[in-house]
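A short write-up of the structure that comes next.
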Amino acid sequence: MKQALPVLTKPLTNDAAESYTLSSEYYLSPEIYEREKQQIFYRTWQYVAHESMLAHVGDYITVTICDENIFIIRSDDGEIHGFYNVCRHRAHELLKGAGNTNTEIICPYHAWTYKTDGNLVAARLSDKRPDFDKSNFGLKRIRVEIFCGCVFVNLDDQAESLGSIAGDLEKDLKSRTPCLDEMMYCGSDSLGETINRAGWKVVVDNFLECYHCAPAHPAFASLIDMKAYQVETFKYWSRQIGPKIRNKNDAYEVDPEVGNQFAIAWFLWPNTTFNILPGSFEFSIYVIRPISIDTCSFGGHSLSPDGKLHESRAKYSANVLTPEDIALCESVQRGLKSSSYDQGPYIYDQEHSGISEHGVHHFHYLLHQSLSC
């Protein structure tokens, strides 16, 4: 029998104005974390890479989704396929990191050999075993879907397609990023990955509101006019828009004649973000992946039409903005352990301004619904 969720002493309803946040137990409970794996991360669409990173047959990328190790690969048929990164013989991992495996995947343990379509083609001495049938031991497939050039996987064979649940997001991304189809990967060090000593929900919470931006990100608040900032929520995604910027600011200078003169950040349930900052055309995808209850990774890939980064913007993000956010999230994670804290109120603005926390409420409501299933 499934264990009941922790009782929220203050309400979390579909109305942000009257709701309170998830309780600290949702961030600290091992039982909740295990439930999140099964009911969220193994049932939702997870970003892995941009398709430009898999340009040639045999190109592959591995990723860990909680306790599951998977890889995507450009197969001989030209399509991108996804598989569990586990040999069907004795469960050894087949591939590491990213690279090219040519036309075959060879297990480093006992040299079982698979084609890039997942079929087993060689298993040493298997001819000595009666009735051994290689067709029964192909790699276990996982679902793959291309969304705005980004490769997503889903471990649930019965899950609704990403296109059907986020089609309106795809339209919004393309309408606001005219050169999206021309984007290509900027290189292995384009965005990198950071490790946060904070749980994944703490980091998502922080991403979804700019109530903290003025006090905690002064350079960002000098770049983006926070008075014009807006946050909007939809069924499975939300959007933050900074339509007005200051070209001369404390973050990095923006040429008024080049690129985007605005900022947009999209969130796709449960842990993927798409981002545009002012300056030359560039599009980044960040993913918040849980590692443990109180640790997660934050990273992804940057894209641009010419495959090059805006250097001053990249330095600001890496050296100022990201360290500021890490410090904030790690402090919150420590504070959640205090006996003095349980739930807090959402600061809500009916005009949906940039300082309103209804984006966080939207995330919490989706999460609570998912865990209740």
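Across the options Thr103, Leu8, Gln39, the greatest Cα extent toward the positive end of the charge dipole of region 1-142 (unit charges at beta carbon of Lys, Arg, Asp, Glu) belongs to Thr103. Ranked for footprinting exposure by Cβ neighbours inside 10 Å, fewest first, Tyr27, Tyr42 give Tyr42, Tyr27.
Note that region 19-24 has calculated 3J(HN,Hα) couplings of 9, 10, 5, 4, 6, 4 Hz, one per residue in order, obtained from phi through the Karplus relation 6.51 cos²θ - 1.76 cosθ + 1.60 (θ = phi - 60°); glycine and proline are x. Seen against the Cα atoms of the chain and their longest principal axis, helix 162-176 is set at about 50 degrees. Computed from the alpha carbon positions, the gyration tensor of region 46-154 leads to an equivalent ellipsoid with semi-axes of 25, 14, 12 Å, biggest first. Cysteines of the chain lacking any other cysteine Cβ under 4.7 Å from their own Cβ: Cys66, Cys148, Cys150, Cys179, Cys186, Cys296, Cys329, Cys373. Working note: Karplus 6.51/-1.76/1.60 with θ = phi - 60° gives region 77-87 the couplings 7, x, 8, 9, 10, x, 9, 5, 7, 9, 5 Hz, where Gly and Pro are set to x. Once amide H atoms are placed 1.01 Å from N in the peptide plane, what residues at a sequence separation of 5 or more from Ala122, or on another chain, have their amide H within under 5 Å of its amide H? For Ala122, the qualifying residues are Thr113.
3J(HN,Hα) along region 301-309, derived from phi through the Karplus expression 6.51 cos²θ - 1.76 cosθ + 1.60 where θ = phi - 60°, amounts to 9, 10, 10, 7, x, 10, x, 10, 8 Hz, with x in place of Gly and Pro. Charging the Cβ of each Asp and Glu at -1 and of each Lys and Arg at +1, and nothing else, the dipole of region 109-200 about its Cα centre rounds to 500 debye. Considering the values (1) 20.9, 61; (2) 19.9, 61; (3) 22.0, 75, which represents Rg and Dmax of the Cα atoms in Å as calculated for the structure under consideration? Only one option fits the structure, namely (3). Residues whose amide H comes within less than 5 Å of that of Asn69, counting only those at least five positions distant or on another chain, are Asn85 (H built at 1.01 Å from N in the peptide plane). Principal-axis analysis of the Cα atoms of the chain puts helix 322-335 at an angle of about 90° to the longest axis. Once the Cα atoms are used to define both axes, helix 358-372 deviates from the longest principal axis of the chain by about 40 degrees. The magnitude of the dipole of region 46-154, with charges of +1 and -1 set on the Cβ of Lys/Arg and Asp/Glu and taken from the Cα centre, is near 420 debye.
No value in this document is a laboratory result; all are computed from the given coordinates. Only a predicted model underlies this, so the values are computations on that prediction, with no experimental measurement involved. Backbone-built Cβ (ideal geometry, glycine too); neighbour counts: all protein chains shown.
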